[in-house]
Amino acid sequence: MSRLTYREAARLALAHELAADPAVWTLGEDIGRGGVFGQYQGLQAEFGPSRVVDTPISEAAIMGGAVGAALLGTRPVVEMRFSDFALCAVDELVNQAAKARYMFGGQARVPLVVRQPVGLWSNSAAQHSQSLESWYVHIPGLVVLAPATPADNYGLLRAAIRSDDPVVHLEHKDLWSAEGEVPLDGEWEVPIGVARRVREGRDVTVVTWSGGVRIAEEAAAVAETQGVSLDILDLRSLWPWDRGAVLESVARTGRLLVVHEAVEVAGFGAEIAATVADALFGALKAPVRRLGAPRIPVPYSPALEPASRITAPAVAAAAAGLVSWRS
Amino acid sequence: MALPSSLSDAAAPDAERLLGLYATMQRIRLFETLADEAHKAGQVASYIHLSIGQEAIAAAVGANLRKDDVLTSTHRGHGHTIAKGADPLAMFRELCGRAGGTCGGKGGSMHIADFAVGMLGANGVVAAGLPIAVGAAHAIALKGEDRIAVCFFGDGATNRGPFLEALNWAAAFRLPVLFVCEDNGYGATTRTGSVSAGGGPGSRAESLGIPVTVVDGNDLAAVDVVAAVLVRAVRDGGGPQFLHARTYRFRGHTSSDPATYRDAAEVQAQLASNDPIRRAAATLAELGVTPDVLERVERHEREALAAALATALDSPWPDLRTAFTDVQDIGAPQ
């Protein structure tokens, strides 16, 4: 075990895979100088400019090129700088990477990982703050990961690079400096599709991921003072997602609150809510609820950005509302 | 570069080689003619995009590639796939949605691909094949191989961003990729020149420092000569090359498009004097190949393809369960 930041954990995961497999390489804008957030620091010096490739600002070519390179048996790890910029490469990700194996009848695989920093960070406004995970979960062919801790960023990134499927790896910008214990030894990785129980509780199941986990943990402390106990699950992986863990928890608590930083409308919370309502109808003590951002572009001003934020008090209040429902 | 400034400077075309390319052109033309008939008879589920009139480029470029070279194609990809050596029976099965198709019936005409011969896929999105070819070339360079990547695209693709991004990338990293612009003058149903600024595809490539060779794409021997030189230059590590091949689409955008947006006189002139197959036949006649030899080649291709189509139509449908395979391993559908 080592105490590492989320940033350093990801850097070490990539370094480990670059060292272990000559087919692995990484490409993106400015990664030779460490990447926008320092998450590639020193990798080019260690592995050379042909394995850690500085690209032009050409998202379509970065992603499309990665598809072609993956079809020829290499394993590109693609950096998109901000998830918002990946929208410049939607065709290459959605129509090409996600579909090639299927359209061509299984003749080829597309083992690429695309890293997309997500979420609110440093008043970055509407084109640098989005959380678009539900877009990718909607696309057959893609795996979608959203780690919340250094250990999970390390273990999931390693699993993603080793996977033969195209993986969208969403890293929260506000977590780069978060610290935690990371097992660096050997071949350890985090299994994709398995949720992590963050906290045991009896009254309300809170399902969240990425930046939502810390908010839910803060909310649990607030709720505890009001006599409400939260059972918190960090999904870590959105496709596939751990239905079993969610249903087990909600079957115990009888109440579900999904919390995510993405816009609530048509967010991934809707999928979870629908699944739980369908599977546990009759066992629920209260309606299933979601708490996400309002459907507004993320505003810039420090006075306005909070309108897009999910806060611990709001989570605690929503949980308390579920407990007091009809009582 | 030792590129002949005109065909007359080149060595006289070799009759035997040209006859082989002629056979490939006939195979492409007859495959698409039969596919068109099958489509009109309701035996091909969806619309198809025909390359009738453009066969010389596919045949000549394909003949200059090794089996382990790779190529990406457009939505008009039958010719490139055949020229790279794919089995027409598997291709007919794919068009007819049958088991045993190149893609198991999951792709159809627009996604025809045969990785065993290096054909990395036709593409339903204009210009999408360019970055994929460049990425394949990047992988080839990373591995230190002497393969090359070839990218076919139309003139319409040159107005999309991925065209610029891919060309810039290939030039900046000096990658082994041959760009082949099949300029048939139309992007779907719009005259490309009416919506394109500047000096055309070649001038865009030149602005990025990529050498451009212009060729009459309906002159089989000419395309063969320049393709040989360009493929050699790319394979020798000289970086990307750009072949601007002027051609003409004899049919509409899709097989169901009557193409009434085109001037009848323009179409008639092209049909009368610019059919690459008839032009190749004339060249072969000048080289002493007798008409009965050409007829034999055509008859052989026609009979083989008719038999292949009949076999394809007699082939079983794919098992419905295969609709759920090859999506993804992690989180695959149940």
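If Rh is defined by the Kirkwood formula over all Cα pairs and Rg also comes from Cα, what ratio Rg/Rh do you get for region B:10-63?
On the way: Rg = 14.1 Å, Rh = 12.4 Å.
Here the Rg-to-Rh quotient is 1.13.
Determine the distance separating the Cα centre of region A:122-154 from the Cα centre of region A:156-203; give it in Å without decimals.
Measuring centre to centre over Cα atoms gives 13 Å.
For region A:1-60, would you read off the P(r) tail past 20 Å as a percentage of all alpha carbon pairs? Write out the running numbers ahead of the final one.
Working: 406 of 1770 pairs.
The answer is 23 percent, as a whole percent.
Say each of B:Thr311 and B:Val195 gets a label point 7 Å from the Cα, pointing the same way as Cα to Cβ; how far apart are those two points in nm?
With each label point 7 Å from Cα toward Cβ, the separation is 4.1 nm.
Which helices of chain B meet both criteria: a Cα extent of 30 Å or more along the helical axis and a mean Kyte-Doolittle score no lower than -0.5, with helices taken as whole DSSP H segments?
Values: long enough: B:15-40 (37 Å, -0.22); B:291-313 (33 Å, -0.09).
Qualifying helices, which must be both long enough and hydrophobic enough, are B:15-40, B:291-313.
Two decimals, Cα atoms only, Kirkwood Rh: what is Rg/Rh over region B:260-333? Present the calculation step by step, with values, prior to reporting the outcome.
Values: Rg = 22.3 Å, Rh = 17.4 Å.
Using Cα coordinates only, the ratio equals 1.29.
Counting just the Cα atoms, what span does region B:55-117 cover along each of its three principal axes? Round to the nearest Å and put the largest first.
Largest first, region B:55-117 extends 31, 20, 17 Å along its Cα principal axes.
Can you work out the FRET efficiency for the pair B:Glu145 and A:Arg326, with r the C-beta to C-beta distance and R0 = 41 Å, to the nearest 0.05?
Working: r = 69 Å, r/R0 = 1.68.
Calculated transfer efficiency: 0.05.
Based on DSSP, what percent of beta bridges with both residues in chain B are antiparallel, to the nearest 5? Display every interim value, and only then the final one.
Working: 3 of 24 bridges.
Percentage antiparallel, nearest 5: 10.
Report, in cubic angstrom per residue, the convex hull volume of the C-alpha atoms of region A:185-327.
Numbers: hull volume 19.5 nm³, N = 143.
Expressed per residue, the convex hull around the Cα atoms of region A:185-327 is 136 Å³.
At 0.36 nm per residue, and after removing the present C-alpha to C-alpha distance, how many nm does the segment from A:Ala270 to A:Val90 gain when stretched out fully?
Numbers: separation 180, 0.36 × 180 = 64.80 nm, distance 2.28 nm.
My answer for the length gained is 62.5 nm.
Using only the Cα atoms of region A:115-171, what semi-axes does the equivalent ellipsoid have when each is the square root of 5 times a gyration tensor eigenvalue? Give whole Å, largest first.
Numbers: eigenvalues 91, 47, 11 Å².
For region A:115-171, the semi-axes come out at 21, 15, 7 Å.
How long are the three semi-axes of the equivalent ellipsoid of the protein assembly as shown, in whole Å, if each is the root of 5 times an eigenvalue of the C-alpha gyration tensor, listed from largest down? Mind dumping the intermediate values first?
Numbers: eigenvalues 567, 142, 86 Å².
Equivalent ellipsoid of the protein assembly as shown: 53, 27, 21 Å, largest first.
For B:Ala285 and B:Arg174, calculate 0.36 nm times their separation in residues minus their Cα-Cα distance, and state this gained length in nm to one decimal. All intermediate terms of the calculation are to be shown ahead of the outcome.
Numbers: separation 111, 0.36 × 111 = 39.96 nm, distance 4.15 nm.
Here the answer is 35.8 nm.
Rounded, prolate or oblate: which one fits chain B, using the alpha carbon gyration tensor with axes a ≥ b ≥ c (rounded when a/c is under 1.5, else prolate when a/b beats b/c, else oblate)? Numbers along the way, then the final one.
Working: a/c = 1.41, a/b = 1.09, b/c = 1.29.
Taking the square roots of the gyration eigenvalues as a ≥ b ≥ c, chain B is rounded.
With a bin width of 10 angstrom, please list the P(r) values of region B:155-246 as percents of all Cα-Cα pairs, from the 0 bin to the one holding the largest distance.
P(r) over region B:155-246, rounded to whole percents: 17, 49, 30, 4.
I'd like to check one number: the per residue accessible area of chain B, probe 1.4 Å, reported in Å² as a whole number. Mind showing how you got there, number by number?
On the way: 13010 Å² over 334 residues.
So chain B comes to 39 Å² accessible per residue, rounded to a whole number.
Restricting to DSSP H runs of at least four residues, report the calculated mean residue ellipticity at 222 nm for chain A, -39500 (n - 2.57) per run over all residues, nearest 500 deg cm²/dmol. Intermediate values should be presented prior to the final figure.
On the way: 10 runs with 104 residues, N = 327.
Theoretical 222 nm ellipticity from helices: -9500 deg cm²/dmol.
Please compute, for the alpha-carbon atoms of region B:118-175, the extent along each of the three principal axes and give them in descending order in Å.
Sorted from largest, the Cα extents of region B:118-175 read 33, 25, 12 Å.
I need the fraction of alpha carbon pairs in chain A separated by more than 34 Å, rounded to a whole percent.
Values: 11980 of 53301 pairs.
The share of Cα pairs beyond 34 Å in chain A comes to 22 percent.
Tell me the mean residue ellipticity at 222 nm calculated for chain B from its helices only (DSSP H runs of n ≥ 4, each -39500 (n - 2.57), averaged over every residue, nearest 500).
Values: 11 runs with 143 residues, N = 334.
Result for chain B: -13500 deg cm²/dmol, rounded to the nearest 500.
In the protein assembly as shown, carbon and sulfur make up what percent of the accessible area (probe 1.4 Å)? Walk me through the numbers before you get to the answer.
Values: 13310 of 24550 Å².
Answer for the protein assembly as shown is 54 percent, counting heavy atoms of protein chains only.
Give me the distance between the Cα centres of region B:107-132 and region A:281-313, rounded to whole Å.
43
Using just the Cα positions, wrap region B:1-155 in a convex hull and report its mean projected area in square nanometres, one decimal place.
Values: hull surface 41.5 nm².
Mean orientational projected area (region B:1-155, Cα hull): 10.4 nm².
Using the heavy atoms of the protein chains alone and a 1.4 angstrom probe, what is the accessible area of chain A per residue in square angstrom?
Numbers: 11540 Å² over 327 residues.
Per residue, chain A has an accessible area of 35 Å².
Please find the FRET efficiency linking B:Arg302 to A:Gln41, where r is the Cβ-Cβ separation and R0 is fixed at 51 Å, and quote it to the nearest 0.05. Mind dumping the intermediate values first?
Values: r = 64 Å, r/R0 = 1.25.
Efficiency at R0 = 51 Å is approximately 0.20.
How big is region B:65-205 along each principal axis, measuring the range of its Cα positions in Å and listing the largest first?
46, 42, 20
Positive end of the charge dipole of the protein assembly as shown (Lys, Arg +1 and Asp, Glu -1 on Cβ, about the Cα centre): tell me which of B:Thr190, A:His260, B:Ile112 has its Cα farthest that way.
The Cα lying farthest towards the positive end belongs to A:His260.
Return the percentage of antiparallel bridges among DSSP beta bridges fully within chain A, rounded to the nearest 5 %. Please list the in-between numbers first.
Values: 9 of 40 bridges.
If I count the DSSP bridges inside chain A, around 20 percent turn out antiparallel.
Once you treat every alpha carbon in region A:1-120 as an equal point and sum by Debye, what is log10 I(q)/I(0) at q = 0.16, 0.17, 0.19 Å⁻¹?
Values returned for q = 0.16, 0.17, 0.19 Å⁻¹ are -0.74, -0.83, -1.01.
Output the 0 to 90 degree angle, nearest 10, between the alpha-carbon long axis of helix A:59-71 and the longest principal axis computed from the alpha carbons of chain A.
Helix A:59-71 sits roughly 70 degrees off the main axis of chain A.
Run through the DSSP bridge list for the protein assembly as shown and note the antiparallel percent, rounded to the nearest 5.
Numbers: 12 of 64 bridges.
Restricted to the protein assembly as shown, the bridges split so that about 20 percent are antiparallel.
At each listed q (0.23 Å⁻¹), what is the log10 of I(q)/I(0) that the Debye formula gives for region A:267-327 modelled as equal alpha-carbon point scatterers?
-1.02
Given R₀ = 56 Å, what would the calculated FRET efficiency be for B:Val267 paired with A:Ala251, taking r from the Cβ atoms and rounding to 0.05? List each step's numbers first, then the result.
Numbers: r = 69 Å, r/R0 = 1.24.
Between B:Val267 and A:Ala251 the formula returns 0.20.
Could you state the angle between the C-alpha long axis of helix A:6-20 and the longest principal axis of the C-alpha atoms of chain A, as a value from 0 to 90 degrees rounded to the nearest 10?
Rounded to the nearest ten degrees, it is 40.
Could you name the aspartates and glutamates in cross-link range of B:Lys40, using Cα to Cα under 18 Å and dropping any fewer than eight places away on the same chain?
Here the aspartates and glutamates satisfying the reach criterion relative to B:Lys40 are B:Glu32, B:Glu94, B:Asp257, B:Asp314.
I want to check the label-to-label distance for B:Ala12 and B:Ser46. Put each point 7 Å from Cα in the C-beta direction and report it in nm to one decimal.
Spacing of the two 7 Å Cα→Cβ label points: 4.9 nm.
Can you check what the Kirkwood hydrodynamic radius comes to for region B:196-287, Cα pairs only, in Å to one decimal?
Numbers: mean 1/r = 0.0644 Å⁻¹.
That comes to 15.5 Å for region B:196-287.
Taking the alpha carbon gyration tensor of region A:177-251, what are the square roots of 5 times its eigenvalues, largest first, to the nearest whole Å?
The equivalent ellipsoid of region A:177-251 has semi-axes of 24, 17, 10 Å.
Treating the angle as unsigned and between 0 and 90°, give the value, to the nearest 10°, between the Cα long axis of helix A:212-225 and the longest Cα principal axis of chain A.
20
Rounded, prolate or oblate: which fits region A:72-202, taking a ≥ b ≥ c as square roots of the Cα gyration tensor eigenvalues, rounded meaning a/c under 1.5, else prolate when a/b beats b/c? Mind showing how you got there, number by number?
Working: a/c = 1.84, a/b = 1.23, b/c = 1.49.
Judged from the Cα gyration tensor, region A:72-202 comes out oblate (a/c at least 1.5, b/c at or above a/b).
The values are calculated or read from the model by the stated rules, or taken from the named source; none is laboratory data. Predicted model only: the values in this text are computed from it and were never measured. Neighbour counts are summed over all protein chains in view; Cβ atoms, including those assigned to glycine, are modelled from backbone coordinates with ideal geometry. The area values use the complete protein model at the heavy-atom level, side chains included, leaving out ligands, DNA and RNA. Shrake-Rupley method; radii C 1.70, N 1.55, O 1.52, S 1.80 Å.
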